[in-house]
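Peer 1: The structure is given below, and queries will be raised subsequently.
The values are calculated or read from the model by the stated rules, or taken from the named source; none is laboratory data. Every value quoted in this text rests on a predicted model; they were computed, and no experiment measured them. All Cβ positions, glycine included, derive from the backbone under ideal geometry; neighbour counts span all protein chains shown.
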Protein chains: 2
Amino acid sequence: MTTNKRTAKATQESLHSIFTIPEAPDSTLGLIEKEISENLAGFLGNHIAAKERALSEIEKDFASSAIPEEPSFVSDHTRHILDKVVAQSVHTSSPSFIGHMTSALPYFILPLSKLMVGLNQNLVKIETSKAFTPLERQVLGMMHRLVYQDNDHFYEQWMHSANHSLGAFCSGGTVANLTAFWVARNNLLKADGDFKGIAREGLFNALKHYKYDGLVILVSDRGHYSLKKSADILGIGQDSVISIPTDGHNRIDCQKLREKCLELKQRNIRVLSIVGVAGTTETGNIDPLDKMADIAEEFQTHFHVDAAWGGATLLSNKYRPLLKGIERADSVTIDAHKQMYVPMGAGLVVFKNPASVASIEHHAEYILRKGSKDLGSHTLEGSRPGMAMLVYASLHIISRPGYEMLINQGIDRARYFAKRINQHADFELITEPELCLLTYRYNPKAVQNLLASSSAEQQDKINDLLDDLTKFIQKRQRENGKSFVSRTRIEVQRYQGRKTVVFRVVLANPLTSNEILNDVLVEQLELAQESETFLPDLLSLT
Amino acid sequence: MTTNKRTAKATQESLHSIFTIPEAPDSTLGLIEKEISENLAGFLGNHIAAKERALSEIEKDFASSAIPEEPSFVSDHTRHILDKVVAQSVHTSSPSFIGHMTSALPYFILPLSKLMVGLNQNLVKIETSKAFTPLERQVLGMMHRLVYQDNDHFYEQWMHSANHSLGAFCSGGTVANLTAFWVARNNLLKADGDFKGIAREGLFNALKHYKYDGLVILVSDRGHYSLKKSADILGIGQDSVISIPTDGHNRIDCQKLREKCLELKQRNIRVLSIVGVAGTTETGNIDPLDKMADIAEEFQTHFHVDAAWGGATLLSNKYRPLLKGIERADSVTIDAHKQMYVPMGAGLVVFKNPASVASIEHHAEYILRKGSKDLGSHTLEGSRPGMAMLVYASLHIISRPGYEMLINQGIDRARYFAKRINQHADFELITEPELCLLTYRYNPKAVQNLLASSSAEQQDKINDLLDDLTKFIQKRQRENGKSFVSRTRIEVQRYQGRKTVVFRVVLANPLTSNEILNDVLVEQLELAQESETFLPDLLSLT
């Protein structure tokens, strides 16, 4: 045999084996798996480098655009992944990673995920998912009941009905919100007389038929960016997402909302949806959903609640009342991969009316035939993994009271941290935690005093410097790798609504202790001293 | 302590432990994991029930809509999942499951998936994904190069550029196609003079500004159903997806395509995109992409190729020429979870022009800030898992020549099966395999002869009975659980374009042997005899 042929034969044999025989258990991959199974936190602690490299440096490891012409041994490649990928990934489950909504996972999630991947079901249709289809319908039923609290009879009737759906499981909150507006849009601009409906004829004909001069979505100025993205995709346009001002607690001003509705009605512009936010991304506050439902009812418009992050609060009997009115929403988005402790890629939307998804129903010849129970008839995505199983398992193993404890603990911890920040002379709490999210900044006592006695113009100048300092501390803290808070820019009432840079902290990880929170503040104090220009410039003003 | 308090304390302790201490290794979950790791095929074979239960029976196990008030032990719940979910799931990796595009996974995928889940990165932004961001950009670069074959300099310049993107990774082909049309639509109807662009002003104003009387997508009548779904979502409307007839080989008729373009131009209707299909879902054929590119060029329209399934063929130097012209497409969809042997949830779209995604760029205050390299600025989805790592590992471990062997083997196997069907008197091959997909049906020799000498009317009657028989066999075969083929309904030229029910077979699993294929035919012959009305009725006509 020539070398080429020998290589080809060897490749063919090894190819067959990668579909059949796992490596010996003492291989690199086997060892890693063992380590992950026995002690995930230890594994991540050992392998994720404490000190982060600059992104431009990391990019050098991912510079080749050529697909390899030579196969790598599994062990070699695993070692490479450990060194180049894992080492420079983000320790999202670390108790001191309190900057974003991604947190720790219960240990049973890992083996169950492996089972899910091994089963490799495709939930678009029953023929490739079988029991996973009723399982997902049950999960949607449970989440629907969590929101709407309908009775047993309701769920018996609709949960497994072929032509209905209590919701749609999807990859995340953005697709969930998009699906909600798609359903709302198609129901609003449905077939009527000669008009075959927007689904078939499109938006141009729909607006002409219904003689509307526009279509808008109303949400507070704290609405998530996915709403504008959805409006763009659906052909409505980003400018048709109208921001309604918030009050001092980052909640929509219902009087202004109602005034806007009246004004739009006079201008013959149809409100596609009023959107309530249950847990704003940047401050964690909840809109007055009950009052919003009244307004939606008055103007006969779709009422959507974006509870991607805060929806899990419904699992807490103690804090559920904060979301009062959510049960009056036509659709609600909840991300299981946020406060339900399920890994990435598990979002969902539930619909009050199980028949509303008929407006987006679609069929094909090879699957999704009329009358089939294939889930794909009522989802935006096509092929999808069996992530619903992880939500199903978590709901059973953690159970509602378990989730309640997790939710309540997070809120308690946020209140503790807010208290600590308030007590500390050199920090300024910007937004109080309503759920387990708060914002604050480092602001030395002397500067705080100066701000209090300054003119608006002088305040702006000081705040500009503070913004730079906040950015400096946040970046440096992330790079040091000991702990992580995020940052954002929000309007602050006490500074005449000026957009101000703040630290943003999300306290969902059950392993985050008060000690860790105190350490975060100590580190930020130290980092502030490292700033060579911003802090001296600030102090020179005092 | 009261019972309630004791329960609460116990729950709290166990809650803390589920985030820290895995179960003892001899637990149910531990044993399952060991079994999966050592022998996935054996595990699936042992636990997936051979005989399937009726869906209505399975639904009884998923009937409760209440979220449990009592936590389950992990081991108990794992046992429950084995009995109720795994047992009634679909053995998609079985070598005799040849009905859909979901196939076997290489063994290294399982531990790497577990690693991916354990890391729980969120690829919307660098702060929650770090090295995964350049990794995903590299994967997009590799896939872009596979399609477009640009030079090193091109990739050095664009692969890691903040304001550019060679493509978008997403959950699957539907989102990939939707993203492609979103980009195309926003580039076509971009800002111009006073008009701020469709992204901001929406479709109604855009069509008014550009004075078009409509916007359409052109694709052969074999186009995937996700195209109509995309047109609906984007506000164009399903009726604006215009089907162009196919030739005898299920490929778009380019003359008819060109005529349609001319007609639309005269009617002032703008073509948003011409779509080539590289591997039709139902017959596996490839459109004449090069000729389509000529037409797209002539009419200056976006050219998209839906290669969700067939795109992996580019990895085969032998069969790559079948897709000639794909390198002229403006955008191309490829699903890694189909012929690239990656688990569910890995689709992508690549763009010829790295700047084209600017038309869908979006920002927020807390992430995706201008100039950042956060992937989320140019994706439809928000939070997303690190699936790109599995594609990355597969490209390295299997390598291009390894993929070539897998692709070539599948096509060879399909040709073998087609030959066997042609040789057998009682089967009728409906579509020849161009890639590894073919369609056929059971059709006894005597009935074939009768069809040949029948009037069109009589043919219809016979074909109606054959349709029923095909459905009967396909359903019974699936229920028996030994093997699985899918079915669809396609226009067959030899029967005057009548929509005919056929078996559909996809031969991507490298473990499917010729013997298994022969067994599938034997089983179908036996099942035909079990039909108590369709076969006797058919034979009574002869």
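Peer 1: Write out, first by first residue and then by second, each pair whose Cβ atoms fall under 6 Å of each other, whose residues are 6+ apart or on separate chains, and whose first residue, in region B:96-121, is free of Cβ contacts under 8 Å to residues at least 40 places away in the same chain while the second is of a type in the set (Lys, Arg) and not in a loop (DSSP other than H, G, I, E, B).
Peer 2: The qualifying pairs are B:Lys114/A:Lys114.
Peer 1: In region B:477-490, how many residues are over 22 Å from the mean Cα position of the chain (by Cα) and either modelled with pLDDT under 95 or closer than 16 Å to B:Thr283 by Cα (or both)?
Peer 2: Number of matching residues: 4.
Peer 1: Which of the residues spanning region A:481-528 are out of contact with any strand residue (DSSP E or B) (no Cβ under 6 Å at 6 or more places or on another chain), closer than 24 Å to A:Ser454 by Cα and part of a helix (DSSP H, G or I)?
Peer 2: A:Gln493, A:Arg494, A:Tyr495
Peer 1: Here's a check for you: in region A:362-383, which residue that is touching a Ser or Thr at 6+ places or on another chain (Cβ under 7 Å) and in contact (Cβ under 8 Å) with a residue 60 or more places away in the chain is nearest to the other protein chains (Cβ to nearest Cβ)?
Peer 2: Among residues in region A:362-383 that are touching a Ser or Thr at 6+ places or on another chain (Cβ under 7 Å) and in contact (Cβ under 8 Å) with a residue 60 or more places away in the chain, the one nearest to the other protein chains (Cβ to nearest Cβ) is A:Gly382.
Peer 1: Can you work out which of the residues in region A:441-469 that are free of Cβ contacts under 8 Å to residues at least 24 places away in the same chain and not in a helix (DSSP H, G or I) is surrounded by the most Cβ atoms within 10 Å (Cβ to Cβ)?
Peer 2: Ranking the candidates gives A:Asn443 first.
Peer 1: For region A:232-253, name all the residues that are free of Cβ contacts under 8 Å to residues at least 12 places away in the same chain and surrounded by 20 or more Cβ atoms within 10 Å (Cβ to Cβ).
Peer 2: A:Asp232, A:Gly237, A:Gln238
For (1) more than 30 Å from A:Glu52 (Cβ to Cβ); (2) among the hydroxyl-bearing types (Ser, Thr, Tyr); (3) more than 9 Å from chain A (Cβ to nearest Cβ), each residue gets a yes or a no:
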site: B:Asn122; (1), (2), (3): no, no, no
site: B:His153; (1), (2), (3): no, no, yes
site: B:Asn163; (1), (2), (3): no, no, yes
site: B:Lys190; (1), (2), (3): yes, no, yes
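Peer 1: So which of A:Leu207, A:Leu272, A:Leu218, A:Leu262 is surrounded by fewer than 19 Cβ atoms within 10 Å (Cβ to Cβ) and either in contact with a strand residue (DSSP E or B) (Cβ under 8 Å, 6 or more places away or on another chain) or away from every other protein chain (no Cβ under 11 Å) (or both)?
Peer 2: The unique qualifying residue is A:Leu262.
Peer 1: Could you list, in sequence order, the residues of region B:119-129 that are out of contact with any Asp or Glu (no Cβ under 7 Å at 6 or more places or on another chain) and crowded, with 24+ Cβ neighbours inside 10 Å? Break it down into steps so the answer makes sense when it comes.
Peer 2: Filtering region B:119-129 down to residues out of contact with any Asp or Glu (no Cβ under 7 Å at 6 or more places or on another chain) leaves B:119-122, B:127-129.
Passing the criteria: B:Leu119, B:Asn120, B:Gln121, B:Asn122, B:Thr128, B:Ser129.
Peer 1: Going by the conditions given, is A:His224 surrounded by 24 or more Cβ atoms within 10 Å (Cβ to Cβ), out of contact with any helix residue (DSSP H, G or I) (no Cβ under 7 Å at 6 or more places or on another chain), at pLDDT 95 or above and farther than 18 Å from B:Gly197 by Cβ? Give the derivation first.
Peer 2: On the way: surrounded by 24 or more Cβ atoms within 10 Å (Cβ to Cβ): yes; out of contact with any helix residue (DSSP H, G or I) (no Cβ under 7 Å at 6 or more places or on another chain): yes; at pLDDT 95 or above: yes; farther than 18 Å from B:Gly197 by Cβ: yes.
Answer is yes for this residue.
Peer 1: Sticking with this structure for a sec: Would region B:470-479 turn up any residue that is closer than 22 Å to B:Glu530 by Cα, assigned to a strand (DSSP E or B) and aromatic (Phe, Trp, Tyr)? Write out each step before concluding.
Peer 2: Start the filter on region B:470-479 by keeping residues that are closer than 22 Å to B:Glu530 by Cα, which leaves B:470-479.
When the remaining residues are screened for being assigned to a strand (DSSP E or B), the result is none.
Checked against the condition, which is being closer than 22 Å to B:Glu530 by Cα, assigned to a strand (DSSP E or B) and aromatic (Phe, Trp, Tyr), region B:470-479 yields no hits at all.
Peer 1: Determine which single condition A:Ser103 fails, assuming it passes every other condition in (1) of a type outside the set (Asp, Glu); (2) at pLDDT 95 or above; (3) buried (at least 23 other Cβ atoms within 10 Å of the Cβ).
Peer 2: Tallying (1) of a type outside the set (Asp, Glu); (2) at pLDDT 95 or above; (3) buried (at least 23 other Cβ atoms within 10 Å of the Cβ), A:Ser103 fails exactly one: (2).
Peer 1: In this structure, is A:Ala414 away from chain B (no Cβ under 14 Å) and either within 25 Å of B:His80 (Cα to Cα) or in contact with a Phe, Trp or Tyr (Cβ under 6 Å, 6 or more places away or on another chain) (or both)?
Peer 2: Criteria not met by A:Ala414.
Peer 1: Residues in region A:308-315: is at least one out of contact with any strand residue (DSSP E or B) (no Cβ under 9 Å at 6 or more places or on another chain) and either within 17 Å of A:Met101 (Cβ to Cβ) or within 11 Å of another protein chain (Cβ to nearest Cβ) (or both)?
Peer 2: Looking for residues that are out of contact with any strand residue (DSSP E or B) (no Cβ under 9 Å at 6 or more places or on another chain) and either within 17 Å of A:Met101 (Cβ to Cβ) or within 11 Å of another protein chain (Cβ to nearest Cβ) (or both), one finds at least one in region A:308-315, hence yes.
Peer 1: Is it true that A:Pro321 is under 30 Å from A:Asn151 (Cβ atoms), in contact with a Cys (Cβ under 8 Å, 6 or more places away or on another chain), surrounded by fewer than 20 Cβ atoms within 10 Å (Cβ to Cβ) and not acidic (Asp, Glu)?
Peer 2: For A:Pro321, the condition - under 30 Å from A:Asn151 (Cβ atoms), in contact with a Cys (Cβ under 8 Å, 6 or more places away or on another chain), surrounded by fewer than 20 Cβ atoms within 10 Å (Cβ to Cβ) and not acidic (Asp, Glu) - is not met.
Peer 1: Continuing with this model, one more query. Only one of A:Lys229, A:Lys256 is of a type outside the set (Val, Ile, Thr), touching a strand residue (DSSP E or B) at 6+ places or on another chain (Cβ under 6 Å) and without any contact (Cβ under 8 Å) to a residue 60 or more places away in the chain; which?
Peer 2: After ruling out the rest, the residue left standing is A:Lys256.
Peer 1: Could I ask something else about it? Looking at region B:343-353 only, could you name the residues that are more than 10 Å from chain A (Cβ to nearest Cβ) and either touching an Asp or Glu at 6+ places or on another chain (Cβ under 9 Å) or surrounded by fewer than 24 Cβ atoms within 10 Å (Cβ to Cβ) (or both)? Before the answer, list the steps.
Peer 2: Residues of region B:343-353 more than 10 Å from chain A (Cβ to nearest Cβ): B:348-353.
Passing the criteria: B:Leu348, B:Phe351, B:Lys352, B:Asn353.
Peer 1: Can you list the helices (runs of 4 or more DSSP H) lying wholly within region B:148-250 that have 3 or more residues being under 17 Å from B:Asn353 (Cβ atoms), in the same structural domain as B:Met389 (by TED's automatic domain parsing) and under 26 Å from the mean Cα position of the chain (by Cα)?
Peer 2: Result: B:173-188.
Peer 1: On the given criteria, is B:Gln138 within 29 Å of the chain's Cα centre (by Cα) and within 7 Å of chain A (Cβ to nearest Cβ)?
Peer 2: Yes; evaluated as a whole, the condition is true for this residue.
Peer 1: Take B:Gly99 and tell me if it is assigned to a loop (DSSP other than H, G, I, E, B) and within 8 Å of chain A (Cβ to nearest Cβ).
Peer 2: yes
Peer 1: Another one. Just wondering, is there one or more residues in region B:472-484 that are among the β-branched types (Val, Ile, Thr) and closer than 17 Å to B:Ala414 by Cβ?
Peer 2: No, region B:472-484 has no match at all.
Peer 1: Could you please let me know if A:Lys370 is surrounded by 24 or more Cβ atoms within 10 Å (Cβ to Cβ) and among the basic types (Lys, Arg)? First the steps, then the outcome.
Peer 2: Working: surrounded by 24 or more Cβ atoms within 10 Å (Cβ to Cβ): no; among the basic types (Lys, Arg): yes.
Spelling it out, it is not the case that A:Lys370 is surrounded by 24 or more Cβ atoms within 10 Å (Cβ to Cβ) and among the basic types (Lys, Arg).
Peer 1: Another question, then. Considering only residues that are more than 7 Å from chain A (Cβ to nearest Cβ) and buried (at least 21 other Cβ atoms within 10 Å of the Cβ), which ones fall in region B:55-85?
Peer 2: Passing the criteria: only B:Thr78.
Peer 1: Something else: Of all the residues that make up region A:282-298, how many are surrounded by 18 or more Cβ atoms within 10 Å (Cβ to Cβ) and either under 22 Å from A:Tyr212 (Cα atoms) or in contact (Cβ under 8 Å) with a residue 60 or more places away in the chain (or both)?
Peer 2: Within region A:282-298, residues that are surrounded by 18 or more Cβ atoms within 10 Å (Cβ to Cβ) and either under 22 Å from A:Tyr212 (Cα atoms) or in contact (Cβ under 8 Å) with a residue 60 or more places away in the chain (or both) number 8.
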